[in-house]
Structure formats: structure tokens, C-alpha cells
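Heads up: the structure comes next, in C-alpha cells.
The values are calculated or read from the model by the stated rules, or taken from the named source; none is laboratory data. Being a predicted model, the structure only gives us computed values, none of them experimental. Glycine also receives a Cβ, built like all others from the backbone with ideal geometry; neighbour counts cover every protein chain displayed. For the accessible areas, the whole protein counts, side chains as well, though only heavy atoms, and no ligand, DNA or RNA atoms are used. Shrake-Rupley method; radii C 1.70, N 1.55, O 1.52, S 1.80 Å.
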Amino acid sequence: MEKLVIVAIGGNSLVRDNGRDTIQDQFESVCETAVNIADMVQEGYNVAVTHGNGPQVGFGLRRSEIAGKVAGMAPVPLVNCVADTQGGIGYQIHQALMNEFAKRGINKKVATLITQVEVSIDDPNFKNPIKPVGSFFTKEQAEEMKNEHPDWIFVEDSQRGYRRVVPSPKPIDIVEKEAIKSLIEDGYVVIAVGGGGIPVFKTGNNTYEGIDAVIDKDFATSLLAEQINAETLIITTGVSKVFINFGKPDQQALENITVEETKQYVLENHFPPGSMLPKIEASLNFLENNGTRVIITNPESLKDAIKEKAGTHIIKIDSTCNTVNM
């Protein structure tokens, strides 16, 4: 089987801006990303795809709230919003990849799998919401919504404004991992673990129940990569490379960094929580659990990044102080 690469598409990268956030706008962004993923398949890589859904879940919750006020409709639980967006975004990626393969004459099948991800009901993140969802707001807008919804929590995110945050427990198992692995081995490009997966917990009688939360897609992708033995994890984001001192006069782009250097940057608080930090932590988890390499870049740089011509590459150093062969 070809080398297995998992590509994690950021939910924010599918939303162009607050003025261009329709379903059609999102599909256009998906189609652009599909071109870059098809490039990798054409290069001979076996690819699995995951995606975020933070903005889309926020939109869904907002629509549910408005529908409740205007038409008296019952609210949609957060866990169902996660499932809904997993299906909706997965459908768009699926169709875009099928169409791109058809245009190029690539004989490759695509499968989208609704994926549940197990979490612990005792996870402390349920008491400390940190996952941003929905649109960016000004401080004044956030305060106005907070007054309307006292139980909502807003935080500043990436120096771009304020966003609502919800519980984000750590994933402990991909429920459908064997099905995902089988599809990949059968030659499919698999789209799975959308939005970090639908959060479920295991009951005392060994059954599953959904729970209101949004799992960080990078942590879930890292766990999936470990469980299906992927060699490379690519995390796409809004920037071509990771920066330290981001937004400051002395900001510096990172190209090739070691695991130890990355850990030091984490200790120095270079990566914002709820934004770049989860991507970095997920990368370290993957590399410390037998992963080979991690690339962080924007979707349009995927083809160059896989050839080590773009992006930030986090690499291992073996016991003889040599880089691991890529």
C-alpha cells in the first residue's frame, strides 16, 4: 500500500470571511482544497481526510436559536449539530474529490464515514469550555450576546475578535477505526472523523451515548493517525507556516523544527490556546506515538509541502542525533 497521509482540513479555512460564508462559498473553498488533495493522490500517496467544523457548528447553533425564537421550534442539541455538520461538510468534500478525480481520469474511490469518537464523561474540559465555535465578533457584540445568554462564554481568538467557546473533551478512541482502516486498505480515499467526530461516552452496560461537546479535530485526527498507522499527518490552517512571536515586529516563520524545539516554543507561550496550540499539541502526540512527520501549512501549499518545499515540518531526532528518514 502507498504511504498513508492524513490531511486535516481546518473548519475556518472553509469560511472565506463573514461576508462570504454561504454553503456555496464553502463548497468553492472545498473544491479548491480538493485540487490540492488530488495532486497528492496523483503523486502516489494514499490519503485520508478529516475536517474541522468550529464555525459551521456555531452557525448551526445560531440558526437553531433563531428558529426557536421565530417559529417556536425545538433547539438542536450541540452533539446533533456536530453530526449534522460532519455529514454536510463530508458530502461536499466527497463530491469535490470525486469530481476532481473524474476530471483527471484518476481511478480512485471515495467514501465518507460518519464517525463517533469516544470521550470520558469525567473529562475536566466539560467544566472548562475552550473550543471556539461560530463567527468572530467585536468585544461589544460579544458583550451584547453575553447579556442575552448569561451561560455563554466568549474568548478572544487569534487577535481576530471574540468567539463563543464550548466544552472540548480529549478523544480516547475512534469507534469506527477498523472500518476506516478497511476502506483505506481497499483503495478508498476516506473522509472520516469530521469535526473531531461525534462525541460519545461509554455507559456501564457497554453502550454509547452522545454528549454535548465539540472535540478538537486535530487531537482526533492525531489519534486516528496513530490507530490506523499513518506515516504523515498534515494539518492545514490559514497560514502557510507556523510563526513564533506571531503578529509582532519580530515574528519568525518556522520551517524545519525538532520535537524538542517545538516543546520549548510551547513552554514560551508562542502558540495561542484554542488556535495554533491544539495543532502543535496534536502534532507532538502523533510524533511521540510512532508518527513519522507532521506538516502544518495552508491548503494551497499541500502539493509543495509534501515535497518539503513549503509549510512547517516538525521532525524527529533519533538516538544518534540524526533526523528520521522521511
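A 1.4 Å probe over all protein chains sorts M98, M276, M40 by accessible area into M98, M276, M40, starting with the largest.
Restricting to bridges with both residues inside the chain, how much of the DSSP beta-bridge set is antiparallel, in percent to the nearest 5?
Of the beta bridges lying entirely in the chain, close to 45 percent run antiparallel.
Among T115, T262, T138, the residue with the largest mean-square fluctuation in a Gaussian network model of the chain, with springs joining Cα atoms closer than 10 Å, is T138. Using C-alpha pairs below 8 Å separated by at least 6 residues, the relative contact order for the range 172-249 is 26 percent. Were the residues from E288 through H149 laid out at 0.36 nm apart, the gain over their Cα-Cα distance would be 45.9 nm. Label separation (E43 vs Q141): 3.7 nm, computed from points 7 Å beyond Cα along the C-beta direction. When you restrict to C-alpha pairs under 8 Å that are six or more residues apart and normalise by the size of the chain, the relative contact order lands at 21 percent. Nonpolar atom fraction for the chain, defined as the carbon and sulfur part of the 1.4 Å probe accessible area, stands at 48 percent. The charge dipole of the chain, taken about its Cα centre with unit charges on the Cβ atoms of Lys, Arg (+1), Asp and Glu (-1) only, comes to about 440 debye.
Starting from the Cα gyration tensor of the range 1-119, take the square roots of the eigenvalues, sort them a ≥ b ≥ c, and report rounded, prolate or oblate (rounded when a/c is under 1.5, otherwise prolate if a/b is larger than b/c, else oblate). Here the range 1-119 falls in the prolate category.
The sum of -39500 (n - 2.57) across all DSSP H runs of n ≥ 4, divided by the residue count of the chain, sets its helix-only mean residue ellipticity at 222 nm to -12000 deg cm²/dmol.
Its Cα centre serving as origin, the range 189-268 has a Cβ charge dipole (Lys and Arg +1, Asp and Glu -1) of approximately 160 debye. DSSP finds beta bridges in the range 180-320, and of those with both partners inside it, around 55 percent are antiparallel.
Rounded to the nearest 5, what % of the DSSP beta bridges within the range 50-208 are antiparallel ones?
Numbers: 11 of 18 bridges.
Given both bridge residues lie in the range 50-208, the antiparallel proportion sits at roughly 60 percent.
Which of the following values of mean projected area of the Cα convex hull in nm² was calculated from the structure shown: (1) 15.1; (2) 19.9; (3) 18.2? Given (1) 15.1; (2) 19.9; (3) 18.2, the structure-derived one carries the label (3). Note on R63 and N245: the model spin-label points, each 7 Å out from Cα along the C-beta direction, lie 4.4 nm apart. Could you compute the FRET efficiency for I106 and D304, with r as their C-beta to C-beta distance and R0 at 22 Å, rounded to 0.05? Computed FRET efficiency for I106 and D304: 0.65. Each Lys or Arg adds one and each Asp or Glu takes one away; over the other residues whose Cβ falls under 9 Å from the Cβ of F136, this sums to +1.
Using a cut-off of 26 Å between Cα atoms, the listed pairs K103/K279; K109/K181; K139/K170; K127/K202 include K103/K279; K139/K170 as exceeding that distance. Over the range 97-176, accessible surface divided per residue gives 56 Å², non-protein components excluded, 1.4 Å probe.
Residue ranking by accessible heavy-atom surface, 1.4 Å probe, largest first, among D218, D173 comes out as D173, D218.
For the peptides 31-37, 284-290, residues were scored by their other Cβ atoms within 10 Å and the scores averaged per peptide; the highest-first order is 31-37, 284-290.
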